[in-house]
Amino acid sequence: MTKIDTLVLGGMHARTGEELTRQFACHPGAAASELEASLTTSGDRIRGIARGGHFDVDRAMLDRLPKLEIVANFGVGYDGIDLKACADRGIVVTNTPDVLTEEVADTALGLLLNTARELPAAEAYLRAGRWVAEGDYPLTKGTLRGRTAGILGLGRIGLAIARRLDAMQLQVAYHTRRERPDVAYKYYADLISMAKDVDTLVIVVPGTPATARMVNADVLTALGPDGIVVNIGRGSVVDEPALIEALASRTIRAAGLDVFADEPNVPDALMALDNAVLLPHVGSASVHTRDAMGQLVIDNLLAWFAGNDPITPVPETPVPNRA
Ligand code: A2R
């Protein structure tokens with residue numbers, strides 16, 4: 001059977017890349033020059049995109065892909081894809097929900113612990129020989145004991161984080177646009193009101209125009225001097241200069257960040273702060289979970305090209321009736 005022309009946009013990890021090559025006629029797009037060559041030589045034949053990030057799928061790219069039917073995004077967040085442009089052209093977009101939920105929730109808890117209890121700094125202290133030379137690491141001012149966490153975004157991952165916080169005996173509240181009928185956690189219709197009542201803000205909303213910089217100076221001030229911010233959602237959700245200012249002035253205690261406004265670039269001012277724990281967007285980045293995400297990308301493409309509904313379409317691009 002003839003393999004279907006598929007653009008592999010932004011690169012994939014090894015196993016997923018190999019499986020894509022086995023199933024599809026793959027056109028590489030890991031680097032800008034490679035992408036340009038693939039679009040120039042094969043753009044008029046490409047029917048699917050497996051998108052591993054880095055490059056936006058915008059109108060200009062879609063104009064060069066007249067036969068495109070589906071964009072299968074590697075990741076649950078799909079900011080960077082022009083959904084309106086895809087919907088206008090009848091192109092379906094899929095993502096990889098659920099398979100990464102627990103991994104990302106684990107990472108959020110790791111960030112929270114590392115931030116409150118300064119574990120990376122304590123380890124660096126030991127490795128530098130300072131335990132021997134100077135004695136015990138100073139007692140941490142931060143602790144999880146007695147904390148109340150406000151989760152911004154109580155979806156799949158937010159709920160998995162809430163369950164972990166339950167187990168660790170923190171109080172949990174949340175802010176979303178709509179109250180969930182299926183949880184007992186305290187709901188806040190207003191983010192600032194929640195920030196005033198909690199001391200720990202865990203951000204796990206998608207990057208959209210509506211969430212852009214919604215965690216601003218006012219939210220951080222409301223969180224207060226014992227405040228801890230953990231962001232494993234999207235860097236765009238936080239006003240990054242305001243966060244840097246709040247950390248530097250000790251308006252809040254600390255932040256644990258896996259995502260940034262301009263990845264992979266992290267501002268020097270943030271790097272210089274000793275009350276920030278910084279990770280290079282590794283929320284879902286285990287072999288186990290990335291393999292599962294890659295398989296879901298492939299399964300979405302295979303389902304679509306077999307004439308079936310995609311497995312995990314996003315709500316913004318309607319799936320046409322294919323019967
Ligand atoms: O607002 P709702 O009721 O649709 O709740 C969703 C919430 N959310 C928002 N909350 C406040 N203001 C907004 N403008 C807003 N937009 C969305 O975010 C829901 O509770 C949550 C998203 O949950 P899920 O769609 O289940 O996504 P999941 O799998 O938890 O992943 C969340 C994000 C991804 O989009 C990536 O950016 C990152 O975590 O990995």
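Report, to the nearest whole %, how much of the accessible area of the chain belongs to carbon and sulfur atoms, 1.4 Å probe, protein only. Walk me through the numbers on the way to the answer.
On the way: 8260 of 15430 Å².
About 54 percent, which is the carbon plus sulfur part of the accessible surface.
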Checklist entry - Taking the Cα atoms only, what angle lies between the long axis of helix 14-23 and the longest principal axis of the chain, rounded to 10 degrees? => result 20 degrees
Checklist entry - Between Asp166 and Tyr187, what is the FRET efficiency for a Förster distance of 22 Å, r being their Cβ-Cβ separation, to the nearest 0.05? => result 0.85
Checklist entry - What relative contact order, as a whole-number percentage, does the chain give when Cα pairs under 8 Å and 6 or more residues apart are counted? => result 17 percent
Checklist outcome for this item: quick shape note, the range 11-67: Cα extents on principal axes in Å, largest first -> 30, 21, 16
Checklist entry - Hey, how many Å between the Cα centroid of the range 252-285 and the Cα centroid of the range 198-213? => result 15 Å
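Would you tally the net charge around Arg47, using a Cβ to Cβ cut-off of less than 9 Å, leaving Arg47 out, and scoring K and R as +1, D and E as -1?
Spelling it out: positives minus negatives among the neighbours equals 0.
Could you work out the local net charge near Pro28, counting Lys and Arg as +1, Asp and Glu as -1, over the other residues with Cβ closer than 14 Å to its Cβ?
With Lys, Arg at +1 and Asp, Glu at -1, the neighbours total -3.
I want to check a number: in the chain, how many lysine pairs have alpha carbons closer than 28 Å, given a sequence separation of 8 or more or different chains? Could the numbers behind the result be given before it?
Numbers: Lys3/Lys67; Lys67/Lys84; Lys141/Lys186; Lys141/Lys196; Lys186/Lys196.
Pairs that pass both the separation and distance tests number 5.
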Next on the checklist: Which one, Asp58, Asp226, Asp136, has the greatest fluctuation when you compute a Gaussian network model over the chain with C-alpha springs under 10 angstrom?
Outcome noted: Asp136
Next on the checklist: Of Phe260, His288, Pro310, which is farthest towards the positive pole of the range 213-323's charge dipole, taken about the Cα centre with +1 and -1 on the beta-carbons of Lys, Arg and Asp, Glu respectively?
Outcome noted: Pro310
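For the chain, what is the charge dipole size about the Cα centre, in debye to the nearest 20, if Lys and Arg each add +1 at the Cβ and Asp and Glu each add -1 at the Cβ? Before the final figure, lay out each step's value.
Numbers: 31 positive and 41 negative charges, 109 e Å.
My answer is approximately 520 debye.
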Item to check | Local electrostatic count, His13, Cβ distance below 9 Å [Lys/Arg +1, Asp/Glu -1] | outcome: +1
Checklist entry - Averaged per residue, what accessible surface does the range 187-323 expose to a 1.4 Å probe, in Å²? => result 44 Å²
Checklist entry - Can you tell which of Thr40, Leu65, His54 lies farthest toward the positive end of the dipole of the range 1-66, using +1 and -1 charges on the Cβ of basic and acidic side chains (Lys, Arg; Asp, Glu)? => result Leu65
Next on the checklist: Can you classify the range 49-192 as rounded, prolate or oblate using the Cα gyration tensor, where a ≥ b ≥ c are the square roots of its eigenvalues, rounded means a/c under 1.5, and otherwise it's prolate if a/b beats b/c and oblate if not?
Outcome noted: oblate
Checklist entry - Measuring with a 1.4 Å probe in the full set of protein chains, what accessible area per residue, in whole Å², belongs to the range 1-101? => result 44 Å²
Item to check | Euclidean distance between Cα centres, the range 39-57 to the range 74-106, Å | outcome: 16 Å
Checklist entry - Just Glu179, Glu36, Glu123 to compare: in a GNM of the chain, with alpha carbon springs under 10 Å, which one fluctuates most? => result Glu123
Next on the checklist: About the Cα centre, and with charges only on the beta carbon of Lys, Arg (+1) and Asp, Glu (-1), how big is the dipole of the range 47-190? Nearest 20 debye, please.
Outcome noted: 160 debye
Checklist entry - For helix 156-167, what angle does its Cα long axis make with the longest principal axis of the chain, in degrees from 0 to 90 and rounded to 10? => result 30 degrees
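Looking at the chain only, what percent of DSSP beta bridges run antiparallel? Nearest 5 please.
Values: 2 of 43 bridges.
Counting DSSP beta bridges with both partners in the chain, the antiparallel share is about 5 percent.
Would you calculate, for the chain, the mean residue ellipticity at 222 nm contributed by helices, counting each DSSP H stretch of 4 or more residues as -39,500 (n - 2.57) and dividing by all residues, to the nearest 500?
-10500 deg cm²/dmol
The values are calculated or read from the model by the stated rules, or taken from the named source; none is laboratory data. Because the structure is predicted, anything quoted here is derived from the model rather than measured. All Cβ positions, even for glycine, are placed from backbone atoms using ideal geometry, and neighbour counts span all protein chains on display. Keep in mind that these areas ignore ligands, DNA and RNA; they rest on the heavy atoms of the full protein, side chains included. Shrake-Rupley method; radii C 1.70, N 1.55, O 1.52, S 1.80 Å.
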